[in-house]
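A short write-up of the structure that comes next.
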Amino acid sequence: MAGLTQDIRIALRQLRKNPGFSAIAVLTLALGIGASTAMFGVLNAVLLQPLPFPGADRIVRIFSISHIAHGGMGGPSPLDLRDFAAQDHTFENMAIYDVWRKNVSTSDSSIEAEQLQIGLVPGEYFEVLGIKPMMGRLFRDDENRWGNNFVAIVSHSFWQTHFHGDPSILNKSVRINDEPYSIVAVLPQDIPSWAVRDPQEKVDIWTPFVPYSTAGSTVWDEASRGERGWGAIGRLKAGVTLEQANADLQRIADNLAAQYPVDRGVGVKLQSIQEDRVRNLRPILRVLMGAVLMMLLIACANVANLLLARNAGRRREVALRVAIGANSRTLIRQFITESLTLGLVGGLLGCGVAWWGCEFVARIHPAQLPQLATVAIDYRVLAFSFIIAVISSLIFGTAPALASLNVNPAEAFKEGARTNTGSRGRKRLGRLLVISEMAFAVMLLIGTGLLIQSLLRLQKQDAGFREDHLLTTDLYLPPVRYPDKASLTRFSEEYAARVRHLPGVQDATISGGHPPQDHWMQLLSIERRPASGLEDMPSIARNVSDFHYLHTLGIPLLKGRDFSESDNETSVPVALVNQAFVNQFFPNEDPIGKQIRMTLPSDLAAGTPGTRFTIVGVTGNTMNRGPALPPLPHVITLFRQSPDLNVGFKNLLVRTSLDPLQLAGSIRQQLHSLDPNLPFAEVATMDQLIEQQTADRRYTTGLLALFACFGVVLALIGVYGVVSYVVAQSTSEIGVRMALGARRADVLQSILKQGMGMAVIGASIGILGGWVLRQAVAQLVFGISPTDPLTFSSAAVLLIAFALLASLVPARRAMLVDPMVALRYE
């Protein structure tokens, strides 16, 4: 114990004795350990933190795999889930649910009516999650029926913000879509946004699961069995595996498919709620964790090089200790203790870097990744920081310690001795460390370059319409005051007409959706092309609008005609289709004049195949499922002629000649002059909406670029350090060469050659490493190959150029060596 105490005192003395070395080494380690700790904080928040539900490892999401849900997976229909629950043997309970935006107001006159996320759930939903109300009760079975569901459960945050934590809130009223709902419970905590269907916003109020499909019917009617897309969760029985539960539900699904035509070709997939929480984050976490690991290794290699250089100046100290009887074990213990001291000091500062990094990650996380909002420092993160500091110390301290043992006391004590028997090995180790730094730095640059180019390509994607000077708002017309197609159409047309007359407005349109996410999926049937069954009917994206839609958005009309005022309730129903629709369904035909039907499975089951529409025009493709995916076949019809989709959910889009947000107040006044109870909600420019589509990629690219910059700087410091060390060790040799007639240019070339040699070898290894790890970034790139030759070569050339600059300073110093001064040391 006394020996260890003495070693620690010597280590601290060495740090004080070499303040320049200590500061550089500690800051380098703080950067590497801090970034690694911050990244572990992200992994801890997303992967290791227990979910806020009891027995969360037994909670699963239930998906239906069907061609109707474009992309492969959607929620089961409520009737299918009811049959699953009745026949299954592996679940304790199951629950269907959905999330809708609705108009909400309270008696608090200071809070204007607003649009909020409303969860539609049965009481079993909270039982699956294991949540008991803080006060009040859950929904009863009889409340999950049409006309008997005017009760609500509010979130903890809604209770605080809208009712100021009133303990007598039970049985008070909140108005949802202009209907009074009695509050029957308050939840003890807010359910995380990632646990609901829309990952970008949390749910504020929960009402019984009674969504309607068509007027006068609900999803509990047999005709609605084929309607999918709801959310579904379940809690497994103790001891049941995910695979056993999946097999049991698939057995039931097969039986239902034999009984009901709408269930043919529909499978089942289960996913744990933990896995569902991180599935969109895995590629991002994989890339960022790899980048941080590389940065940590670069930092370790850098400090190892610094230790090599410092230990080279301690040859006489080591020789003296060997001469008076110190053995190798004692010396190694001393050097390792010094490394551990250095690592722990760096780790302590790294915790500060990590705290700032976690705050930064949580504060700027995009709405698409709400899981990152909980990133913070806790005991797990602190323990990781300590462990990584110790491991790093061993990594960067062991090799220099072993290299320092190779000392010949007789040579070390010679006056003016400039070399020793271990110098060649030390130089070789130093170069090897720099080569590894360069390789990791090139790999970081390759990954960053790929993501930057991918992001630029995404941002340059042709949206298919004019994004500039376009304002969007959401609108929901409650059925209490707008119960039929006539009232919905009348309000929509009047509102849009008033907005068009505002100064600075060029045009305005009301629609059921809009880019960049515009894919309400429906089944398609084409006249004179009979489908053999429901499973053979293709699904397409559909929107409804007024006849100003194309002009307002600036969507090009490629063929045929646009909608007109003459297209009304009494005329032939007409439709516009996009080029992707023509390419898929009429590749060698003129689509103008062709007739199509769009419908839902519930309509087919009820014997109503849907309205027949005649195609009158072909539009250009628009971005209807984000910039990273090709556009879906898309159909636009008119509100006037589409009773099946003329519902209260609408959007107002306004083309302006001014800054769109400057007109928001005037547009709000027009809305409230027609209906003062409607909230003016989700106001945004189209530029902002499209920018949100790439927010997660910009986030990832920015973090990776930050790590790459730090990694490159550390690698260049390593190159500079090694070349400087070589110059310092070769001063006498350079003096002799110059005394014998060597030109200064020859000396410069010789020194640069050493730096460039390390850079070229490191860059070559980095290119190979980038190719080996290409799959890590494959899921994050768009429009570019993960092995893009230009990116790989540019990263290597860039780092070699930087390495040349880093080598130039010590090389120039060598060129200016005075031969007489250098020879005096000999």
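The values are calculated or read from the model by the stated rules, or taken from the named source; none is laboratory data. None of the values given here were measured: they were computed from a predicted structure. Positions of Cβ are backbone-derived with ideal geometry, glycine not excepted, and every protein chain shown enters the neighbour counts. In case anyone asks, the SASA skips ligands and DNA or RNA and just uses the protein heavy atoms, side chains included. Shrake-Rupley method; radii C 1.70, N 1.55, O 1.52, S 1.80 Å.
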Hull volume in cubic angstrom per residue (convex hull over the Cα atoms of region 102-187): 91
From the cross-link list 102/172; 202/485; 102/485, which pairs have alpha carbons spaced over 25 Å apart? 202/485
Take residue 127 and residue 242, extend 7 Å from each Cα along the Cα→Cβ direction, and tell me the distance between the two endpoints in nm. 2.5
Taking H placed 1.01 Å from N in the peptide plane, check which residues at least 5 places from residue 513 or on another chain put their amide H under 5 Å from its amide H. 544, 651
Ordered by number, the trypsin sites (Lys or Arg not before Pro) in region 419-527 that occupy a DSSP loop and have at most 16 other Cβ atoms within 10 Å are 460, 466, 481
Pull up all non-local amide H partners of residue 139: gap of 5 or more, or a different chain, and H-to-H distance under 5 Å with H placed in the peptide plane. 123
Lysines within cross-link reach of residue 460: Cα-Cα under 30 Å, excluding same-chain residues under 8 positions apart? 559, 650
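Contour minus end-to-end for residue 332 and residue 17, with contour as 0.36 nm per residue of separation and end-to-end as the Cα-Cα distance?
Numbers: separation 315, 0.36 × 315 = 113.40 nm, distance 1.99 nm.
So the chain would gain 111.4 nm between residue 332 and residue 17.
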Expressed in angstrom and rounded, the centroid-to-centroid distance over alpha carbons for region 123-167 and region 451-525 is 33
Please give the length that would be gained between residue 744 and residue 286 if that part of the chain were fully extended, namely 0.36 nm times their separation in residues minus their C-alpha to C-alpha distance (nm, one decimal). 160.0 nm
Using θ = phi - 60° and the Karplus form 6.51 cos²θ - 1.76 cosθ + 1.60, what ³J(HN,Hα) does each residue of region 49-59 get, whole Hz, x for Gly and Pro? 5, x, 5, x, 9, x, x, 5, 5, 9, 8
Using the Karplus equation 6.51 cos²θ - 1.76 cosθ + 1.60 (θ = phi - 60°), what ³J(HN,Hα) coupling, rounded to whole Hz, does each residue of region 627-636 give in order, writing x for Gly and Pro? x, 8, 10, x, x, 7, x, 9, 10, 10
How would 519, 551 rank on accessible area, largest to smallest, probe 1.4 Å? 551, 519
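For the ranges 54-60, 181-187, what's the packing order if you count other beta-carbon atoms within 10 Å of each residue, average per peptide, and put the highest first?
Values: 54-60: 17.9, 181-187: 20.1.
Going from most to least packed, we get 181-187, 54-60.
Order 771, 206 by their accessible area, 1.4 angstrom probe, all chains in place, largest first.
The most accessible residue leads, giving 771, 206.
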Per 0.36 nm of contour for each residue apart, how much would the distance between residue 166 and residue 428 grow if the chain were fully extended, relative to their Cα-Cα spacing? 87.0 nm
Tell me the trypsin sites (Lys or Arg not before Pro) within region 527-589 that lie in a loop according to DSSP and have at most 14 other beta-carbon atoms within 10 Å. 528, 561
Quick check: Cα centre of region 611-669 to Cα centre of region 169-184, how many Å? 33
With a 1.4 Å probe and all protein chains kept in place, how much accessible area does residue 761 have, in Å² rounded to the nearest 10? 90
Nearby aspartates and glutamates by direct alpha-carbon distance to residue 17 (threshold 18 angstrom, same-chain neighbours under 8 apart not counted): 7, 317, 338
Total charge of the residues flanking residue 485 in space, meaning their Cβ is under 9 Å from its Cβ, with Lys and Arg +1 and Asp and Glu -1, is -1
